[in-house]
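Report on the following structure.
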Amino acid sequence: MNRMGDEGLGLQLIEDYLPFLEQIGKVYGGMAGAADADAVEKVVQAIYEAATDGTDRLRYYPTTDIKPILEARRNTSEVEYQRLQTIFSYPNKQSMIL
């Protein structure tokens with residue numbers, strides 16, 4: 001028995017959710033296509049650095065693609081940060097921006 005696959009067999013899709021599911025699929029699909037080819041190695045290096053650098057530092061930037069998001073979180077208001085998240089999540093939905 002394939003538990004992961006079998007659990008969803010009896011579920012019925014609710015039509016109202018289909019646009020949401022399609023958008024989420026595009027967002028996550030775009031993320032996968034934009035990932036660094038060596039992202040895993042960079043994350044491993046960051047974890048090793050965090051474990052061995054002897055500091056109390058809590059934040060590391062394993063890949064450069066996450067840096068703008070983390071910087072915005074630290075340096076902007078909650079409203080501006082949420083606006084940025086909307087742009088990243090829905091790049092073609094300019095009308096959704098606050």
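The values are calculated or read from the model by the stated rules, or taken from the named source; none is laboratory data. Just so it is clear, the structure is predicted and the values come from calculations on it, not from any experiment. Note that we place each Cβ from the backbone using ideal geometry, even for glycine, and neighbour counts take in every protein chain shown. Surface accessibility is based on the protein's heavy atoms, side chains included, excluding ligands, DNA and RNA. Shrake-Rupley method; radii C 1.70, N 1.55, O 1.52, S 1.80 Å.
A compact table of results
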item: The one condition in (1) touching a helix residue (DSSP H, G or I) at 6+ places or on another chain (Cβ under 8 Å); (2) among the aromatic types (Phe, Trp, Tyr); (3) open to solvent by 80 Å² or more (accessible area, probe 1.4 Å) that TYR48 fails to fulfil; result: (1)
item: Check on PRO91, in a helix (DSSP H, G or I), at pLDDT below 85 and surrounded by 10 or more Cβ atoms within 10 Å (Cβ to Cβ); result: no
item: Residues of the range 46-80 satisfying the condition of being assigned to a helix (DSSP H, G or I) and among the aliphatic types (A, V, I, L, M); result: ALA46, ILE47, ALA50, ALA51, ILE66, ILE69, LEU70, ALA72, VAL79
item: Residue ID - modelled with the highest pLDDT, chosen from residues in the range 20-37 that are open to solvent by less than 80 Å² (accessible area, probe 1.4 Å) and closer than 17 Å to THR63 by Cα; result: ASP36
item: Cross-chain or 6+ apart pairs with Cβ under 6 Å, the range 43-71 first and touching a residue at least 60 places away in the same chain (Cβ under 8 Å), then open to solvent by 80 Å² or more (accessible area, probe 1.4 Å) and hydroxyl-bearing (Ser, Thr, Tyr); result: none
item: Single unsatisfied condition, TYR17 versus (1) farther than 24 Å from ARG74 by Cα; (2) at pLDDT below 75; (3) open to solvent by 80 Å² or more (accessible area, probe 1.4 Å); result: (2)
